[in-house]
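The values are calculated or read from the model by the stated rules, or taken from the named source; none is laboratory data. Only a predicted model underlies this, so the values are computations on that prediction, with no experimental measurement involved. Please note: Cβ atoms are built from the backbone with ideal geometry, for glycine as well, and neighbour counts cover all protein chains shown.
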């Protein structure tokens, strides 16, 4: 580790009695997300940025059983997007053998750098996936309007909240064989759709971010609700946009 | 605060070891409602009136993580419906910065003043919303009969319980851009449908009340059950009224 | 109370540190049934018979919040089926004002007397109700075969377990305005279908019994599973009986 | 017992304060599986092999209420597949009267001997059963591709993980009257489909295994997710294989 931290300093980064410390929160929230069906089978998760530190869950483990000592810590100030597997810029690497940081790391970084987000959530929610399957193959976004829950979503994920009559638009990008290869596609969609609060990935799931972990979580809930009701509306042949 | 209470007196309003104290109950019930999918993404909630005090959750926060110290207390005896943002008649305002009382306050007040209710629940249940989407656009109410669960619902929400052969009717009002603008529409529907135990809001959710928090909650459960089974019946092309 | 018990003797009937004491079990199981959606909105419940004592939950209360002190105890040896409201044969009546024994009492008694059951469960499961709505109006029973879960159900609810190739048949009776008026219809169906492990009530729910509370509960789970999958099969136009 | 163990030695096999001891894990995981709807009504379960010991839940009991003292222990080194009812090779038999080892024992053994698995899970998930009902009657396997969740499944259940573009194939065998009679059919399917990570049983459920209990569980979650979304896709007439 080139971080210059002693072992004790590195360990202290994930040790706290405060339930709202990022290392504790990630474990707590992953348990909740598991119950929601968002992170089943090791997929999905949440990364929290607090000041100059970014906290990450490990990859490929049961998300509902993570403990604070499994959390990775990276400095936010990186010369470039961190690539999975690279260890050069870690502040803390868990001592348990075989743990690797989440494969979503560069995707979370998109949210941190392009939107100045404080947290980013990735889910494999079936509502998100079914929505990308039911929409026309050529659709590059999901649109919905006239739903109260739209009001819980912020412009670009971090701006002011949408209004009931606004049309929410969430881009859909194609999935890739390796998760880190989504990085560019996600960044391009975030540039093309600056107001979008999230990125859907066809046949995969969704990335949602917010100013804080609370906003990221509540927006992820609002969006998942909207994905679910949109699936029901599509199956019932109801239009997603408009009030008729 | 013009309430004339000292800080200690105001704080004492939400401090109790009794799990059935309104400030504790609201937190407990919101956790339960979250698991039912009623208050996902900060939406929905419950207000309890106990004697001359009305207890309210804050707006725009995670409802499953509210603590008693976040609860607002208003006097029931107000010269007029309290408007959100107005602070003139509060007995207690949480000290945590940025908290605002629920935007539903004037809607809860409708139930307290027009039905003498002891509690009012607002949910964003998808069953309620899907029902308002599947019923004809011009329908101003939902009707169902011949369901055992109808017997758990009271006339006007606070009178005697319905019978199996009775037809339950719940008015549907149109949603508005701002929640407080629903106040008049809800009041008008309550006048037009004096026997209705609840008000559905199209593309939004439902308001349910009762003499006590127990009755409000059990009626909200019965109604949500009926909304859910009505959605299933409509999708299966089964008639909602009658026994055939 | 004509039971001849002192107040202390009556209270002792529901006081035990043993989690498997009927008064504790009923509270525990009702919490579990609530999570399964079986006893939402005060409906449904379970009665347990242990030796000469029958333990009953109160009527019209939140079933997931019952406490042992709310439990009624009746002697099993009654000159006739107990009628709701009758107090002559109670061994214990809760002191909390306004509590009445479950309206299902005489229906539970059918299972105790006609099948020598040790426990009887009543649910308002939507799977049971939807099944009675999707089957033809004139059908007086539900039949299904070739499902592994059939093997968890016992002949007449208390005999030997069914085999995979057996056809399970559960009678359906019409609902009545008052729950106790179902008593005769349930008894008649139990006589006509001696092998049936349960009675479905159209637009209402189901009554399931077993030799013990464990068997009643696991059979209720197997049957609810079969009701649910039968609803899905009917909606997908798959035949319920046979292997094609 | 011909195991040569003293009573104390046999009991010690299931007594541990380590939550990851197989006897504790089986109880813990069965509670979780119950919440997922996998082991409702006594069906389903998990067996864990640790070194030369195989830990088994009892048959026909409520899986969410198993305690470590109910666990059976067998030596892995058996002259042949253990038959249910045979007691000759047990290391520990619970003292509670009437307990029998899981009827799935010889099926779990298939996974241990043919794939060198460390754990095997059996579920009655409705997603698995509905999938076997919706696929054509003559289909001897389920195939799906282009789903992110495929990447959580390993070749043969114990090899390298599949890739997004790979087609997952899970054989389907016919159910039999007695569970142990599935043993040969399962073994034959495992030989014919060496890459398959699980075996579906028509109108019954699924068997899933892995190198460790963690891998068995996460693969069971990924597969259950894929069964569920495949059912939704089939009902919506979407193709399971390919990207269109």
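If I go through segment C:134-165 residue by residue, how many of them are in contact with a helix residue (DSSP H, G or I) (Cβ under 7 Å, 6 or more places away or on another chain), outside any strand (DSSP E or B) and surrounded by fewer than 20 Cβ atoms within 10 Å (Cβ to Cβ)?
3
So which residues in segment A:111-131 are crowded, with 24+ Cβ neighbours inside 10 Å and more than 19 Å from residue A:36 (Cα to Cα), if there are any at all?
Matches in segment A:111-131: A:111, A:117.
I need the full set of residues from segment A:139-157 which are more than 14 Å from chain B (Cβ to nearest Cβ) and over 13 Å from residue A:195 (Cβ atoms), in order please.
A:139, A:140, A:142
Given the condition under 17 Å from residue A:127 (Cβ atoms) and more than 10 Å from every other protein chain (Cβ to nearest Cβ), answer yes or no: does some residue in segment A:211-224 qualify?
For segment A:211-224, residues under 17 Å from residue A:127 (Cβ atoms) and more than 10 Å from every other protein chain (Cβ to nearest Cβ): absent.
Which members of segment D:182-196 meet the condition of being farther than 30 Å from residue A:203 by Cβ and more than 16 Å from the chain's Cα centre (by Cα)?
D:188, D:191
Return yes or no: is residue C:234 within 14 Å of chain D (Cβ to nearest Cβ) and closer than 28 Å to residue B:167 by Cα?
It is true that residue C:234 is within 14 Å of chain D (Cβ to nearest Cβ) and closer than 28 Å to residue B:167 by Cα.
Can you tell me which residues in segment D:191-208 are within 12 Å of chain C (Cβ to nearest Cβ), crowded, with 24+ Cβ neighbours inside 10 Å and assigned to a loop (DSSP other than H, G, I, E, B)?
Matches in segment D:191-208: D:204 only.
Could you say which residue among D:237, D:232 is out of contact with any helix residue (DSSP H, G or I) (no Cβ under 8 Å at 6 or more places or on another chain), at pLDDT 95 or above and closer than 21 Å to residue A:202 by Cα?
Unique residue meeting the criteria: D:237.
Looking only at segment C:42-56, filter to residues that are within 14 Å of chain B (Cβ to nearest Cβ) and either touching a strand residue (DSSP E or B) at 6+ places or on another chain (Cβ under 6 Å) or touching a residue at least 24 places away in the same chain (Cβ under 8 Å) (or both); which one of those is farthest from residue C:221 (Cα to Cα)?
Among them, the one singled out is C:43.
Might you check whether a residue that is surrounded by 23 or more Cβ atoms within 10 Å (Cβ to Cβ) and within 13 Å of another protein chain (Cβ to nearest Cβ) occurs anywhere in segment D:179-188?
yes
Can we say residue D:168 is crowded, with 20+ Cβ neighbours inside 10 Å and either within 11 Å of another protein chain (Cβ to nearest Cβ) or part of a helix (DSSP H, G or I) (or both)?
Numbers: crowded, with 20+ Cβ neighbours inside 10 Å: yes; either within 11 Å of another protein chain (Cβ to nearest Cβ) or part of a helix (DSSP H, G or I) (or both): no.
For residue D:168, the condition - crowded, with 20+ Cβ neighbours inside 10 Å and either within 11 Å of another protein chain (Cβ to nearest Cβ) or part of a helix (DSSP H, G or I) (or both) - is not met.
Okay, residues lined up against (1) under 16 Å from the mean Cα position of the chain (by Cα); (2) surrounded by fewer than 20 Cβ atoms within 10 Å (Cβ to Cβ); (3) at pLDDT below 90:
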site	(1), (2), (3)
A:52	no, yes, no
A:57	yes, no, no
A:62	no, yes, no
A:67	no, yes, no
A:76	no, yes, no
A:80	no, yes, yes
A:85	no, yes, yes
A:88	no, yes, yes
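Of everything in segment A:10-22 that's assigned to a helix (DSSP H, G or I) and touching a strand residue (DSSP E or B) at 6+ places or on another chain (Cβ under 8 Å), which residue is surrounded by the most Cβ atoms within 10 Å (Cβ to Cβ)?
Out of the qualifying residues, it is A:22.
So residue D:243 passes all but one of these: (1) crowded, with 17+ Cβ neighbours inside 10 Å; (2) within 12 Å of chain A (Cβ to nearest Cβ); (3) not in a strand (DSSP E or B). Which condition number does it fail?
For residue D:243, the exception is condition (1).
Within segment B:30-50, can you find the residues that are crowded, with 19+ Cβ neighbours inside 10 Å and either out of contact with any helix residue (DSSP H, G or I) (no Cβ under 7 Å at 6 or more places or on another chain) or over 21 Å from residue B:116 (Cβ atoms) (or both)?
B:30, B:33, B:34, B:38, B:39, B:40, B:41, B:42, B:43, B:44
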